[in-house]
Amino acid sequence: MADPATYRPKPGEIPTSPGVYRFRDPHGRVIYVGKAKNLRARLSNYFQDVAHLHHRTQTMVTTAASVEWTVVGTEVEALALEYSWIKEYDPRFNVKYRDDKSYPYLAVTMAEEVPRAQVMRGAKRRGTRYFGPYGHAWAIRETLDLLLRVFPIRTCSSGVYRRAHQTGRPCLLGYIDKCSAPCVGRISVDDHKQLAQDFCDFMAGDTQRFERRLTARMNEAAASMEYEQAARLRDDIQALRRATEKNAVVLPDATDADVFALAGDELEAAVQVFHVRGGRIRGQRGWVVEKVEDVTDAELVEHLLQQVYGAVEDARAAADGSGDASADAAADAAARREARDAVPREVLVPELPPDPAQMTAWLSGLRGARVELRVPQRGDKRELAGTVRANAEHALALHRTRRAGDLTTRSQALREIQEALGLESAPLRIECYDVSHTQGTYQSASMVVFEDGLPRKSEYRTFSVRGPEGDGARDDTAAMHEVITRRFRRYLADRLAAGDLELDDGDDREGGDSPDGVARPRSGPVPAEEPGERKRFAYPPNLVVVDGGPPQVAAAQRALDELGVTDVALCGLAKRLEEVWLPGEDYPVILQRSSEGLYLLQRVRDEAHRFAITQHRRRRSKGMTASVLDDVPGLGPARRKALLSTFGSVKRLRAAGVDEIAQVPGMGRRTAEAVVAALAADGGSAPSNQDGPATGMLGA
């Protein structure tokens, strides 16, 4: 662990202006991002006697090797830049709000020519209106089924819509009046889009307008003695009321508010938010937070608001950077509307953030109108805040029953691995490798990454094993040697490329010289806008785990030795007896069956095995469905499909001439000539299954 004094900047170097700072580890990876009204005063707190720091802060400053800062004009700019850097670098020591589940939304794809209503999860897409989140997908479908009586908009998939348009017959929903059937022209595209807009307005809370409209039409139909029509309109009104009554009024005066609550202890906290629109609860979300940094409840609230509403700023930035001048006005209008929907007039929190005025100004800027940030003191809002807190307490109790996510358990597992393998520090980053093949064919390998005992799937990698002749390795040990060599050769190359700009050049300033002679990241100011984060392979693991025993471990160690990598620990986990093998050792390390460390190693190994098999099956499936047409220049999937649909099989395609092939939609004469040349070069060696009807990609 590093001594913070080795990278402490000189006293006069740090400005007293507001700004954002970040700590980097010896490999240049950002491990913590923070902001300050006064950078000098804030950073000086990190360089006091380490014994006086909170134990989490101690771990952070002794893991770091440099500190950088950026001066900004205002505290609101610091808040925005801090959010941007946390999102970009995902620092290990910053609080992370993880959704306790993937919440479904009712989404209307208004950007499409014929909008569609559907259940959506995951990242939000531009041009789509979202309502929710809901606790369950069935709640969305139940609400949507009621509203389709009044707003019969499209809900079918693109494939069903195209098929109905081609055949001229609507799907079942069109026959039972749950869809206005734009696919067959029962309603024009423009009228259907207006119908979808009305649906969105109703879901956004404008319910009375549509109920009054239907009531007026029902009275007109009754006055004209069109009683069947009046009865249908009466049923439509009742459907609207049932859909509205599903969300009881919890706040008066059509209040728009987000109500937050926290419940937790020194190690973790649960967060819940109720989204209230028009006085009704329109959605609920929850997070579980592991307090990897020393933060108060007020600071937790600040980080939470940054994460929840920071997506609005991202959407605006995406709209500004679209580059489509003709769509600028529409994009701006959509961004403003989404901002008003996402940032309500009131944000009710359990405790005000450290600087309420700064946060209020930021939220008001996102909404484009005044936002009130406060703690509810009495009345209905305080009662609702109590209900939200009860939900947070329940979520925290549920989370504590899940041992896999328990910070204490993971810390114990890492400590046991450190002690068993004789490591200097806990292996905070573990990489595991496995090889998969079928009798030597389609050889594939996987690299999975666990950080702080949890999988980091964004950094998983796969390898296609080539071998010296390009046809695969001779056995598993050769394949493991190749994979480890390729991974760490890339690590050395990326570190060298990134280090040219970021590493200390060995000047004589205080803390500039490294005692071990190794170049370290340099402390000092940095611009707010700089090149992106270093490539993922530029960061080495603390521990490499290979799936196998002494032969695989020896092959991996030989690869590391050849590359001169000496700062990475290595072990192997053999499946038969779950023995841990170290390089050059005659006997394995035996961990107790009940050991949390062994359980973590097994999880890492099993995840690498699963990921390797997935990659192998993907390659094998692709190889078994290859076609002679795959390698024709300029012939993509759409054109291949058009050719096979027109001629029915490769046999008939061989008999066709250039002129016939060029007449297929999407084909040109040059591409047709390339197809004929490829089939001639193939020499008719395709297997007999190509002579039958073409139902997809054909074997070669």
The answer for the range 422-499, accessible area per residue at 1.4 Å probe in Å², is 44 Å²
What accessible surface, in Å², does a 1.4 Å probe find on residue 375, ignoring ligands, DNA and RNA and rounding to the nearest 10? 40 Å²
Value in Å of the Kirkwood radius, where the range 542-615 supplies the Cα pairs that are averaged: 12.9 Å
What distance in nm separates the two pseudo spin-label positions at residue 526 and residue 345, each 7 Å out from Cα along the beta-carbon direction? 4.3 nm
Relative packing of 549-558, 609-618, 183-192, which averages over residues the other C-beta atoms within 10 Å, highest first: 549-558, 609-618, 183-192
Using only C-alpha atoms and all pairs of different ones, pull out the Kirkwood radius for the range 106-244 in Å with one decimal. 15.9 Å
Reduced Cα scattering model of the range 359-487, Debye log10 I(q)/I(0), q = 0.09, 0.12, 0.22 Å⁻¹: -0.59, -0.77, -1.16
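So how much slack lies between residue 126 and residue 208, counting 0.36 nm per residue of separation and subtracting their Cα-Cα distance, in nm?
This chain segment gains 26.7 nm when fully extended.
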Rank by packing, highest mean first: peptides 353-361, 221-229, 365-373, with packing defined as the count of other Cβ atoms within 10 Å averaged across residues. 353-361, 365-373, 221-229
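Which sequence of 268, 351, 299 reflects their accessible areas, 1.4 Å probe, from the largest down?
Largest to smallest exposure gives the sequence 351, 299, 268.
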Two-site FRET efficiency, residue 111 against residue 222, from Cβ-Cβ distance with R₀ of 41 Å, rounded to 0.05: 0.55
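Using a 10 Å cut-off on Cβ atoms, rank the peptides 387-393, 422-428 from the highest mean neighbour count down.
Descending packing order for the listed peptides: 387-393, 422-428.
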Say each of residue 163 and residue 489 gets a label point 7 Å from the Cα, pointing the same way as Cα to Cβ; how far apart are those two points in nm? 4.9 nm
FRET E, pair residue 88, residue 562, Förster distance 35 Å, beta-carbon r, rounded to 0.05: 0.50
Just read off the accessible area of residue 477 with the full protein assembly in place, 1.4 Å probe, to the nearest 10 Å². 30 Å²
Of 35/87; 457/575; 37/291; 87/457, which ones are farther than 20 Å apart at the Cα? 457/575; 37/291
Separation of the residue 186 and residue 215 label points, Cα + 7 Å toward Cβ, nm: 2.9 nm
Residue 372's amide H: which non-local residues (gap 5+, or another chain) put their own amide H closer than 5 Å, with H modeled 1.01 Å from N in plane and none for Pro or chain starts? 346, 347
Rounded, prolate or oblate: which fits the range 1-99 when a ≥ b ≥ c are the square roots of the eigenvalues of the alpha-carbon gyration tensor, with rounded for a/c under 1.5 and prolate only if a/b beats b/c? oblate
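The values are calculated or read from the model by the stated rules, or taken from the named source; none is laboratory data. The structure presented is a predicted model; accordingly, all values stated were derived computationally and were not measured. All Cβ positions, even for glycine, are placed from backbone atoms using ideal geometry, and neighbour counts span all protein chains on display. All accessible areas refer to the heavy atoms of the entire protein, side chains included, with ligands and DNA or RNA removed. Shrake-Rupley method; radii C 1.70, N 1.55, O 1.52, S 1.80 Å.
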